[in-house]
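Structure record follows, encoded as structure tokens.
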Amino acid sequence: MNPVNYTQMSDQQLKKYLVKHRNDQAVLQVYLNRRHQRSNPVIATVNDSNFDDKILTAIREQINQNPAEMGF
């Protein structure tokens, strides 16, 4: 059996592989490392007066940047 090169997989491929191979600790570690490397800025805090607007704007921006990943 050929070893799988997880680093060459796209995020979507890696996710699909992880779902099918839930006991593969190596793929889980690669997936978690990728998730950890992504920065997730704080969009809004609970006390923001325009909390809903900030969240909706961030969602729209993400959809516009990655429509294929969002299923559009």
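The values are calculated or read from the model by the stated rules, or taken from the named source; none is laboratory data. Keep in mind it's a predicted model, so treat the numbers as computed, not measured. Counting neighbours? That spans all protein chains shown, and the Cβs are built from the backbone with ideal geometry, glycine included.
May I ask you to list the residues in region 25-48 that are part of a loop (DSSP other than H, G, I, E, B) and surrounded by 15 or more Cβ atoms within 10 Å (Cβ to Cβ)? Break it down into steps so the answer makes sense when it comes.
Within region 25-48, the first condition is being part of a loop (DSSP other than H, G, I, E, B), and the residues that meet it are 38-48.
Residue satisfying the conditions is A44 alone.
Kindly provide the set of residues from region 1-34 that are out of contact with any Asp or Glu (no Cβ under 9 Å at 6 or more places or on another chain) and within 21 Å of A68 (Cβ to Cβ), ordered by number.
The answer is Q8, M9, S10, Q13, L14, K15, K16, V19.
Regarding region 62-69, can at least one residue be identified that is closer than 28 Å to Y6 by Cβ, assigned by TED's automatic domain parsing to the domain that holds P3 and either exposed (fewer than 10 other Cβ atoms within 10 Å of the Cβ) or over 14 Å from the mean Cα position of the chain (by Cα) (or both)? Outline the logic, then answer.
Just the residues of region 62-69 that are closer than 28 Å to Y6 by Cβ, to begin with: 62-63, 65-69.
Going one step further and asking which of them are assigned by TED's automatic domain parsing to the domain that holds P3, we end up with none.
No - not one qualifying residue is present in region 62-69.
Within region 27-72, take every residue that is modelled with pLDDT of 90 or more and among the small types (G, A, S) and give me the one that is nearest to Q13 (Cα to Cα).
Ranking the qualifying residues of region 27-72, first place goes to A58.
Which members of region 49-72 meet the condition of being of a type in the set (F, W, Y) and in a helix (DSSP H, G or I)? Step through it out loud before you land on a result.
From region 49-72, those of a type in the set (F, W, Y) are 51, 72; that's our starting set.
Passing the criteria: only F51.
Taking the condition of being part of a helix (DSSP H, G or I) and either in contact (Cβ under 8 Å) with a residue 12 or more places away in the chain or surrounded by 10 or more Cβ atoms within 10 Å (Cβ to Cβ) (or both), how many residues in region 13-24 meet it? Outline the logic, then answer.
In the first step, residues of region 13-24 are kept if they are part of a helix (DSSP H, G or I); the result is 13-20.
With the extra rule that they be either in contact (Cβ under 8 Å) with a residue 12 or more places away in the chain or surrounded by 10 or more Cβ atoms within 10 Å (Cβ to Cβ) (or both), the set shrinks to 13-18.
Number of matching residues: 6.
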